[in-house]
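Colleague: Before we start, here is the structure in question, set down as structure tokens.
The values are calculated or read from the model by the stated rules, or taken from the named source; none is laboratory data. Predicted, not measured: the structure shown is a model, and the values here were computed from it. Cβ sites come from the backbone with ideal geometry, for glycine too, and all protein chains shown count toward neighbours. These accessible areas exclude ligands, DNA and RNA; they are computed on the full protein's heavy atoms, side chains included. Shrake-Rupley method; radii C 1.70, N 1.55, O 1.52, S 1.80 Å.
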Amino acid sequence: MSEVTSITKRPSILGGAMIIAGTAVGAGMFSIPIVTSGVWFTGSIFLLIYTWFCLFMSGLMILEVNLHYPLGSSFHTITKDLLGKGWSTINGLSIAFVLYILTYAYISAGSSIIVQNFAEVISVPQAIAGLVFALIVAFFVWLSTRAVDRLSTILIGGMVIAFVLAIGGLFTEVKMPVLFNTNESNASYLPYALAALPYLLTSFGYHGNIPGLVTYYRKDGKAVMKSLLIGTLISLAIYILWQFVVQGNIPREGFKQVIADGGNIGNLLAQMRSTTANASVSMLLDLFSYMALASSFLGVSLGLFDYLADFFKFSNTGSGRLKSALVTFIPPTILAIIFPDGFLYAIGFAGLAATIWAAIIPALMAKASRERNQSQSFKAPGGIFMIGFVILFGVINASAHILANFNLLPIYR
């Protein structure tokens, strides 16, 4: 009896929540304090909650749609069936673009950290540092998925420990006048809100995991919904805490220097070191940044590797995996050599592309699914109003990024 019970036992909600939080939280969080330095702490909390809510709703829309399809149906399959080949192609291209641009972003960030932290030991150009970093990660991805899995498990475990210890140390050093910017008279915040939004969208990018969770929970919509809610709330809480300790230690004016230096992870860490006298906290923050970056880089590049291997039909042999590794790593590595300080720009462009498959397409699929299927075992709340609300969120994000790149929106720098 106990054996039957153990076999049919439903997976824990917490397990699914950890998958969502682990996917969402990564090295991209280092961009959040930088891009929200214009709206500062209070404004950034409102923007984070707005982004979380819209992307949680779009996640529920994907869940609603996914429940009408057989277990194992991919995002691509569902999009093609409901919206047609055109939208399916746009969806696929946007996913590939996001994976490519994030791979470039993490190579850029890795080279920045290497140059900033090892300058006293060895002096190398940032482009060379990026090349070395990319080669190391490419080797593990080429080796096997199991190698990436094992290394990622170690990195995530170390990352959690380093984060908790570093945040604990920084928490006690937060200065309220800095956090609420009381020393800056006539400060302007609201004009910088729109330009920050596309960067925050990438921090809640978990939508590709939903079909897998539907399979994991055997089409139990309520279980998937709870895991999405808990997982995304954990991510939101981590980001708010991160904002608290970073923007409570670095004055708002200090971020102008971070942005002027390139806006990379290494530049942010250098500014943090200059504001805290606690050497152990600085070391823990450095360790956390190394592990967060490596973990995110491994996860994103493996996803791109698998996507391209399937697209080009490369075999899973040594030579086939080498071909997949070459098309995965060569384009972003060349870009990182030419433009070594593109971390922030890449995160912004990732947000622009992610708007399509994380906001607009889920809402359109929910609308099409409801027109086709009268009975619903699970339905995302809000009706047609929420579908419009999420689409509007996507349009605002895309428009904001485009306008900011043409200098038609105010940017704090």
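Conditions tested, residue by residue: (1) over 22 Å from residue 210 (Cβ atoms); (2) hydrophobic (A, V, I, L, M, F, W, C); (3) open to solvent by 20 Å² or more (accessible area, probe 1.4 Å).
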{"site": "62", "(1), (2), (3)": "no, yes, no"}
{"site": "66", "(1), (2), (3)": "no, no, no"}
{"site": "81", "(1), (2), (3)": "no, no, yes"}
{"site": "86", "(1), (2), (3)": "yes, no, yes"}
{"site": "105", "(1), (2), (3)": "yes, yes, no"}
{"site": "111", "(1), (2), (3)": "yes, no, no"}
{"site": "135", "(1), (2), (3)": "yes, yes, yes"}
{"site": "149", "(1), (2), (3)": "no, no, yes"}
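Colleague: Follow-up question, since we're still on this one. Hey, among 289, 324, 319, which residue is out of contact with any helix residue (DSSP H, G or I) (no Cβ under 8 Å at 6 or more places or on another chain) and part of a helix (DSSP H, G or I)?
Modeller: One residue alone meets the criteria, 319.
Colleague: Also: Hey, can you tell me all the residues within the stretch 216-234 that are outside any helix (DSSP H, G or I) and hydroxyl-bearing (Ser, Thr, Tyr)? Even if it seems obvious, please write down each step before you answer.
Modeller: Initial filter on the stretch 216-234 (outside any helix (DSSP H, G or I)): 217-220.
The answer is 217, and nothing else.
Colleague: Look at residue 396 and say whether it is open to solvent by 40 Å² or more (accessible area, probe 1.4 Å), in contact with a Lys or Arg (Cβ under 8 Å, 6 or more places away or on another chain), part of a helix (DSSP H, G or I) and at pLDDT 95 or above.
Modeller: When the stated conditions are applied, residue 396 does not pass them.
Colleague: For the stretch 324-362, name all the residues that are over 30 Å from residue 390 (Cα atoms) and touching a Leu at 6+ places or on another chain (Cβ under 9 Å).
Modeller: Within the stretch 324-362, 324, 327, 328, 329, 332, 333, 336, 337 qualify.
Colleague: Could you tell me whether any residue of the stretch 150-164 is charged (D, E, K, R), within 30 Å of residue 398 (Cα to Cα) and either at pLDDT below 90 or part of a helix (DSSP H, G or I) (or both)?
Modeller: Taking every residue of the stretch 150-164 in turn, none turns out to be charged (D, E, K, R), within 30 Å of residue 398 (Cα to Cα) and either at pLDDT below 90 or part of a helix (DSSP H, G or I) (or both).
Colleague: Something else now. With the structure loaded, tell me whether residue 380 is part of a loop (DSSP other than H, G, I, E, B) and crowded, with 22+ Cβ neighbours inside 10 Å or whether it fails that test.
Modeller: Details: part of a loop (DSSP other than H, G, I, E, B): yes; crowded, with 22+ Cβ neighbours inside 10 Å: yes.
Taking the combined requirement at face value, the residue satisfies it.
Colleague: Looking at (1) open to solvent by 30 Å² or more (accessible area, probe 1.4 Å); (2) more than 18 Å from residue 22 (Cβ to Cβ), which one does residue 169 not meet, given that it meets all the others?
Modeller: (1)
Colleague: Starting from the stretch 49-67, keep only residues that are of a type in the set (S, T, N, Q), then list their pairs with residues that are open to solvent by 10 Å² or more (accessible area, probe 1.4 Å) whose Cβ atoms are within a distance under 7 Å, requiring at least 6 positions of separation or different chains.
Modeller: 66/73; 66/211
Colleague: Moving on. If the requirement is being in contact (Cβ under 8 Å) with a residue 12 or more places away in the chain, among the hydroxyl-bearing types (Ser, Thr, Tyr), assigned to a helix (DSSP H, G or I) and open to solvent by less than 40 Å² (accessible area, probe 1.4 Å), which of these qualifies: 280, 295?
Modeller: After applying the criteria, what remains is 295.
Colleague: Follow-up question, since we're still on this one. Tally time: how many residues in the stretch 249-277 are under 21 Å from residue 51 (Cβ atoms) and small (Gly, Ala, Ser)?
Modeller: Count: 1.
Colleague: Would you mind stating whether residue 240 is open to solvent by 10 Å² or more (accessible area, probe 1.4 Å), out of contact with any strand residue (DSSP E or B) (no Cβ under 8 Å at 6 or more places or on another chain) and in a helix (DSSP H, G or I)?
Modeller: yes
Colleague: If residue 37 meets every condition in (1) crowded, with 19+ Cβ neighbours inside 10 Å; (2) assigned to a helix (DSSP H, G or I); (3) touching a residue at least 40 places away in the same chain (Cβ under 8 Å) apart from one, which number is that one?
Modeller: Going through (1) crowded, with 19+ Cβ neighbours inside 10 Å; (2) assigned to a helix (DSSP H, G or I); (3) touching a residue at least 40 places away in the same chain (Cβ under 8 Å) one by one, residue 37 breaks only (2).
Colleague: I would also like to ask the following. Whether any residue in the stretch 337-351 is among the hydroxyl-bearing types (Ser, Thr, Tyr), at negative phi and open to solvent by less than 20 Å² (accessible area, probe 1.4 Å) is what I want to check. Outline the logic, then answer.
Modeller: Keep residues of the stretch 337-351 that are among the hydroxyl-bearing types (Ser, Thr, Tyr), which gives 345.
Remaining after also requiring at negative phi: 345.
Subset that is open to solvent by less than 20 Å² (accessible area, probe 1.4 Å): none.
Checked the stretch 337-351: no residue is among the hydroxyl-bearing types (Ser, Thr, Tyr), at negative phi and open to solvent by less than 20 Å² (accessible area, probe 1.4 Å).
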